[in-house]
Amino acid sequence: GIQAPVKTLDTAMELPPMSLDVVKGASGRTYSISASGGALVNASSMQFPTWSDAGGQDDLVWYSGSRGSNGAWTATVDLMRHRTAGRYSIDCYAVINGVQQRVGSLTFTVEGPKIESFTAESVDRTAGTVTYKVVVNAPSSISSAQMAVWCYSVGGQDDLVWYTLSNPTVSGNSYTYHCTVNMARHNYQVGVYAAHVYVTDNAGIQAPVKTLDTAMELPPMNFTVQGDDTDLFRVVSISGGIFANASSVQFPTWSDAGGQDDLVWYAAHQNNAGVWEAYIPLSNHRTPGRYTVHCYAIINGVSIQALSDGTFDVDPSIITKLGYGIVGNTQTTVSQMVARYNAALRGTSRTYPSDVYASKGAPTIEAFCQILLEECNAEGIRAEVIFCQAMKETGWLQFGGAVQNWQCNFAGIGAIDSAPTQAATFPDVRTGLRAQVQHMKAYSDPRASIQGLANPCVDPRFDLVTPKGKAPNVENLGNGNWATATDYGSSLLKMIEELTRY
């Protein structure tokens with residue numbers, strides 16, 4: 001029963017040798033972990049906690065292993081759950097004979113995408129475009145590439161546009177993109193354009209953002225003002241550059257001495273050569289000295305302000321020659337015209353001929369005057385001139401002469417002194433007023449043409465008015481121009497003056 005003195009011995013023991021490995025998948029998005037051999041033959045489960053070193057375990061994911069028929073434990077690391085480039089660490093934990101223990105560790109390195117270069121390959125000042133070139137190195141290929149562009153010199157990011165980079169040229173891991181940016185998509189803002197490129201690979205890893213600034217200017221254009229001190233008008237025109245895509249152009253014009261108190265917006269028309277022109281009668285302003293003209297346009301559906309500007313001078317001697325211009329902004333309203341018409345018929349048995357015009361689009365005098373105003377505004381003819389002329393020619397729409405009310409001919413078009421019964425007939429009130437306005441434009445606007453009309457020409461005698469613009473003022477309409485009577489113009493001026501009292 002006597003025990004011998006105890007003897008002790010320390011011996012270092014290690015786990016039986018095992019195989020640990022991590023291999024990159026074909027897509028570059030996944031990495032396969034495998035563990036086998038040694039004590040793992042007795043393991044009942046395995047886990048592989050994985051994280052990117054750069055994140056300090058903020059992206060730690062525990063991947064559970066599964067055992068294959070060959071006894072090896074495997075798991076798949078999905079980089080979409082980490083989205084970080086650089087070195088990754090893996091710990092290997094196994095439950096062996098009911099006890100969990102760390103059996104080893106692994107590392108692997110993920111190479112994310114990198115934007116190798118970002119340049120403005122070409123800038124086309126004429127077209128208002130810049131073509132960017134982006135070269136990306138992406139070992140795991142690319143899932144998305146975008147470029148954000150805006151002009152930060154004007155309006156902050158109010159013109160921000162996201163462009164998708166597509167159809168790259170691929171050589172190995174290198175992807176080359178080209179993207180053309182048109183100023184039209186950025187409201188033609190002038191200044192420095194910022195471009196930022198964002199690239200994400202198939203592993204969900206984003207490349208460091210690249211930025212590039214490019215100065216952009218408006219494409220060259222031709223802005224002219226024609227007319228000298230022998231003319232009672234000026235013709236403003238603009239063409240070239242972005243105006244090939246314009247749908248409408250306006251020229252706000254004012255005399256500098258007046259401080260914009262005589263500001264008038266002139267709608268331009270595009271001629272066959274693609275030039276946008278507006279006729280500016282000086283009778284709308286009546287101030288000597290320097291004038292300023294700006295250009296506003298709608299281009300590709302976007303309203304663009306102050307694209308260009310110009311000036312012209314008016315000699316004081318011209319002001320004394322100005323009459324009542326026919327071309328220009330209307331100086332009356334529908335309510336004024338209606339009131340004047342009703343006053344003319346008050347105390348008489350006469351009424352508005354609604355029995356005739358109800359079926360021709362104008363059942364009331366209000367509707368008649370509204371149509372008249374719309375047609376005048378379309379062609380830039382003053383409505384007070386057309387209204388007073390129509391009332392003068394028709395006896396306040398009572399007719400009674402060679403022209404009948406059902407003909408909707410309110411200016412006696414075609415009814416010359418020698419053949420009064422040859423007056424034109426129009427299908428409805430709008431067409432008749434449109435013909436009158438177009439005919440008046442031929443008389444008052446030296447730049448008038450069928451192609452330049454706002455609506456299709458319905459005036460049967462438009463081409464017979466030569467030269468165009470021979471009567472720019474109301475005073476010029478008599479003496480064989482529109483009418484033979486010498487007092488035709490002065491009588492219209494008196495009616496216009498009476499109209500303004502209402």
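Structural remarks
- Output for segment 142-154, where each listed residue is open to solvent by 60 Å² or more (accessible area, probe 1.4 Å) and within 19 Å of residue 210 (Cα to Cα): 143, 146, 152
- Residue list for segment 380-401, filter: part of a helix (DSSP H, G or I) and open to solvent by less than 10 Å² (accessible area, probe 1.4 Å): 383, 384, 385, 386, 387, 388, 389, 390, 391, 394
- Test: residue in segment 78-87 that is farther than 16 Å from residue 33 by Cα and of a type in the set (Val, Ile, Thr): yes
- Just one residue in the set 267, 244, 278, 257 is aliphatic (A, V, I, L, M), under 20 Å from residue 445 (Cα atoms) and open to solvent by 50 Å² or more (accessible area, probe 1.4 Å); that residue is 267.
- Selection from segment 39-57 of residues that are at pLDDT below 95, more than 15 Å from residue 107 (Cβ to Cβ) and either touching a Ser or Thr at 6+ places or on another chain (Cβ under 8 Å) or open to solvent by 40 Å² or more (accessible area, probe 1.4 Å) (or both): 41, 42, 56
- Cβ pairs under 6 Å, 6+ apart, first in segment 200-225 and within 30 Å of residue 82 (Cα to Cα) and among the aliphatic types (A, V, I, L, M), second open to solvent by 80 Å² or more (accessible area, probe 1.4 Å) and not in a loop (DSSP other than H, G, I, E, B): 207/114
- Comparison of 199, 130, 136 shows that the only residue that is surrounded by 17 or more Cβ atoms within 10 Å (Cβ to Cβ), farther than 30 Å from residue 17 by Cβ, under 27 Å from the mean Cα position of the chain (by Cα) and modelled with pLDDT of 95 or more is 130.
- Given (1) open to solvent by 20 Å² or more (accessible area, probe 1.4 Å); (2) farther than 30 Å from residue 248 by Cα; (3) without any contact (Cβ under 8 Å) to a residue 60 or more places away in the chain; (4) not hydroxyl-bearing (Ser, Thr, Tyr), number of the condition residue 434 does not satisfy: (2)
- Search result, residues across segment 4-28 that are over 25 Å from residue 99 (Cα atoms), within 60 Å of the chain's Cα centre (by Cα) and open to solvent by less than 90 Å² (accessible area, probe 1.4 Å): 23, 25, 27, 28
- Filtered residues of segment 350-374 (kept if surrounded by 15 or more Cβ atoms within 10 Å (Cβ to Cβ) and among the β-branched types (Val, Ile, Thr)): 356, 365, 371
- Residue ID - most open to solvent (accessible area, probe 1.4 Å), chosen from residues in segment 295-321 that are at positive phi and not in a strand (DSSP E or B): 300
- Restricting segment 202-225 to residues that are part of a strand (DSSP E or B) and among the polar types (S, T, N, Q), the residue that is surrounded by the fewest Cβ atoms within 10 Å (Cβ to Cβ): 211
- Selection count where residues are surrounded by fewer than 16 Cβ atoms within 10 Å (Cβ to Cβ) and either over 25 Å from residue 399 (Cβ atoms) or among the basic types (Lys, Arg) (or both), scope segment 336-349: 1
- Search result, residues across segment 155-165 that are open to solvent by 60 Å² or more (accessible area, probe 1.4 Å), in a loop (DSSP other than H, G, I, E, B) and either touching a His at 6+ places or on another chain (Cβ under 9 Å) or at pLDDT 95 or above (or both): 160
Table: residues versus (1) outside any helix (DSSP H, G or I); (2) of a type outside the set (Phe, Trp, Tyr); (3) more than 22 Å from residue 269 (Cβ to Cβ); (4) open to solvent by 10 Å² or more (accessible area, probe 1.4 Å).
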| residue | (1), (2), (3), (4) |
| --- | --- |
| 425 | yes, yes, yes, yes |
| 430 | no, yes, no, yes |
| 438 | no, yes, no, no |
| 456 | yes, yes, no, yes |
| 467 | yes, yes, no, yes |
| 479 | yes, yes, yes, yes |
| 485 | yes, yes, yes, yes |
| 490 | no, yes, yes, yes |
| 495 | no, yes, yes, yes |
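- Verdict on residue 83 being basic (Lys, Arg) and either buried (at least 20 other Cβ atoms within 10 Å of the Cβ) or touching a Pro at 6+ places or on another chain (Cβ under 7 Å) (or both): no
- Verdict on residue 331 being within 21 Å of residue 494 (Cβ to Cβ), under 41 Å from the mean Cα position of the chain (by Cα) and modelled with pLDDT of 95 or more: no
- Segment 283-294, residues that are closer than 14 Å to residue 252 by Cα, open to solvent by less than 20 Å² (accessible area, probe 1.4 Å) and at pLDDT below 90: 285
The values are calculated or read from the model by the stated rules, or taken from the named source; none is laboratory data. On a predicted model such as this, the values are computed, not experimentally measured, just so you know. Ideal geometry is used to build each Cβ from the backbone, glycine not excepted, and the neighbour counts take in all protein chains shown. The accessibility values were calculated without ligands, DNA or RNA, using every heavy atom of the protein model including side chains. Shrake-Rupley method; radii C 1.70, N 1.55, O 1.52, S 1.80 Å.
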